[in-house]
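What follows is a single structure, written as structure tokens, with notes after it.
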Amino acid sequence: MIGECELFTKALCLPEEWFVTKVELQDGSEGKKELHMWLDFKKGTKFKCPEDGCGELAPAYDTREHVWRHLDFFQYRAFIHARVPGVNCPKHGVKTAGVPWARPGSGFTLLFESMAVLLAQEEQEVLSVSRQTGVPDTTLWRILRHYVQLAREKTSFKGVTAIGMDETSIKGHSYITLCVDLNGRRVIAFDIGKDAKTVGRVKMQLEARGGCAAAVEVVTCDMALGFKAGIREHFPNGCIVIDKFHAVKLLGDKIDALRRIEAAEADDLKNSRYLWLKNDNNLSKQQLKRREDLICKHPKLGKALVMREELQAIYGTETDPISASKRLKRLISWMNRCRIDLMKQAAKTLKENYEQIINYFRFRKTNAQLEGVNSVVQNIKRRARGFRNLEFFETMIFLVCGKLPLREVVTEV
């Protein structure tokens, strides 16, 4: 009959030199029972020197007691106790040997850390994982950052030819820029700022993982001058494509500004913001009726709305750059001739970015290809109020949106 120590030795899948010597169920925190297992190694076992590239085998020189949190055993939190040996390496002196169930310096087993990483990747809420495991969220962040950095080092950006860059504001900081691989649908770079220098640092991150800036053929972005200047400098072969949603948003912002101006003297425009920003298919019949009534009283708003709808129609119906170019020119001409200063300003911006806007119809590339990733990023951004620094935000971005080889990393350590 197998004894309990032998049973737990097999259950932990320990190498032959390690075995379980004692198992106890003890009273833990909050009155809950905890399972504690004591491990030891066979007399005469030799251990490898932990220094990189050494691997010199030497007998145990001295031992020190360590404790690691392990995966829960049924309803009990489990802990492993063991004497960790030191080895007297002829080349490097006395060093603490590694153990097969945990990485150096960690208070958790590899299996526990693997579970925490995969839970955080699915949950997208470290506080939730903290409540499930009973481990402080600050400790979990250190575990996550370690494995995310390890997985990023194993990620290759070789063959990346189309990228998209977009900035987002974050509380307590100015802006962060995310760079995505449009074909691979993954975040490949994260940096603070939104200027030409930021693009330079994005290039460095790309090339640090085997990518080549000269191989990038398409770069999608907004109309920010800093981005465009940086792209021309650091991605000289990249054709700039203005993201179509930024172009449409430009007109939407002007319509909203016009609404605010007219609302200062017209009470009927109060609480009508979303009537002008949403598309027809996102409005109810009652909302559409109210907007039609408002257009009769405020024709400038109605005209501006039609201009935005025309730009959306160009993106939605035109299939080649020549016809799109003719139609966009007519729209810009109309906006210039209208008697609405805000729309004239928008026309000037469209004209300045004309070639990059038309490039969309040549390459059909847009950051919207990563709509799923973008929604996750926004979700993470909302949760960022619980993050204590930008490192946490960056870690979660890559954990969820980086398509990192995490399963490979957490099982091979």
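Give the long-range amide H neighbours of Gly28: residues separated by 5 or more places, or on another chain, with amide H under 5 Å away, using H modelled in the peptide plane at 1.01 Å from N.
Distant-sequence amide H within range of Gly28: Lys33, Glu34.
Which length gain, in nm to one decimal place, applies between Leu7 and Cys212 when the Cα-Cα distance is subtracted from 0.36 nm times their residue separation?
Values: separation 205, 0.36 × 205 = 73.80 nm, distance 5.31 nm.
My answer for the length gained is 68.5 nm.
Just checking the chain: which Cys have no other cysteine's beta-carbon under 4.7 Å?
Cys5, Cys13, Cys179, Cys212, Cys221, Cys239, Cys296, Cys338, Cys401, each lacking another Cys Cβ under 4.7 Å.
Extending each Cα 7 Å along its Cβ direction at Arg330 and Glu51, get the distance between those two points in nm, one decimal.
7.7 nm
Pairs Lys244/Lys326; Lys203/Lys244; Lys244/Lys289; Lys244/Lys303; Lys303/Lys365; Lys228/Lys348: which exceed 19 Å Cα-Cα? Don't skip to the answer; put the middle values down first.
On the way: Lys244/Lys326 17 Å; Lys203/Lys244 23 Å; Lys244/Lys289 28 Å; Lys244/Lys303 21 Å; Lys303/Lys365 29 Å; Lys228/Lys348 17 Å.
Over 19 Å apart, Cα to Cα: Lys203/Lys244; Lys244/Lys289; Lys244/Lys303; Lys303/Lys365.
Please compute the Kirkwood hydrodynamic radius of the chain from all pairs of different C-alpha atoms, in Å with one decimal. Don't jump to the answer; show the numbers that get you there.
Details: mean 1/r = 0.0387 Å⁻¹.
Evaluated over the chain, this radius sits at 25.9 Å.
If amide hydrogens are placed 1.01 Å from N in the peptide plane, which non-local residues have theirs closer than 5 Å to the one on Phe47?
Ala58, Ala60
Along the Cα→Cβ direction, 7 angstrom out, place labels at Asn237 and Ala313. What is the inter-label distance in nm?
4.1 nm
Could you list which residues have their amide H under 5 Å from that of Ala97, counting only those 5 or more apart in sequence or on another chain, with H placed in the peptide plane?
Correct list: Gly86, Val87.
Mind checking which of Asp191, Asp40, Asp293 has the largest fluctuation in a GNM of the chain, springs on alpha carbons under 10 Å?
Judging by the Gaussian network model, the answer is Asp293.
In straight Cα distance, which aspartates and glutamates are under 19 Å from Lys46, not counting same-chain residues fewer than 8 positions off?
Partners within reach: Glu16, Glu17, Glu56, Asp62, Glu65.
Once both labels are modelled 7 Å past Cα along the beta-carbon direction, what's the Ala368-Lys297 spacing in nm?
The modelled label-to-label distance comes out at 3.3 nm.
Just order 349-356, 41-48, 218-225 by mean Cβ neighbour count inside 10 Å, highest at the front, would you? Provide the component values of the computation, followed by the final result.
Details: 349-356: 16.4, 41-48: 14.1, 218-225: 21.5.
Ranking the peptides 349-356, 41-48, 218-225 by packing returns 218-225, 349-356, 41-48.
Under 17 Å Cα to Cα from Lys48, which lysines show up? Leave out anything in the same chain fewer than 8 places away.
Within the straight-line cut-off, Lys48 pairs with Lys91, Lys95.
Length gain on complete extension for the stretch Lys91 to Gln205, per 0.36 nm per residue less the alpha carbon to alpha carbon distance?
Values: separation 114, 0.36 × 114 = 41.04 nm, distance 3.63 nm.
Contour length minus the Cα-Cα distance gives 37.4 nm.
Which value at 222 nm does the chain reach when only helices count, each DSSP H run of 4 or more adding -39,500 (n - 2.57), with the total divided by all residues and rounded to the nearest 500 deg cm²/dmol? Could the numbers behind the result be given before it?
Numbers: 16 runs with 198 residues, N = 413.
Counting only the DSSP helices, I get -15000 deg cm²/dmol.
Between Lys158 and Arg83, take the C-beta separation as r, use R0 = 35 Å, and let me know the FRET efficiency to the nearest 0.05. Walk me through the numbers on the way to the answer.
Values: r = 45 Å, r/R0 = 1.29.
The pair Lys158/Arg83 has a calculated efficiency of 0.20.
No value in this document is a laboratory result; all are computed from the given coordinates. No experiment lies behind these values; they were computed from the predicted model shown. Positions of Cβ are generated from backbone atoms using ideal geometry, with glycine treated the same way; all protein chains shown enter the neighbour counts.
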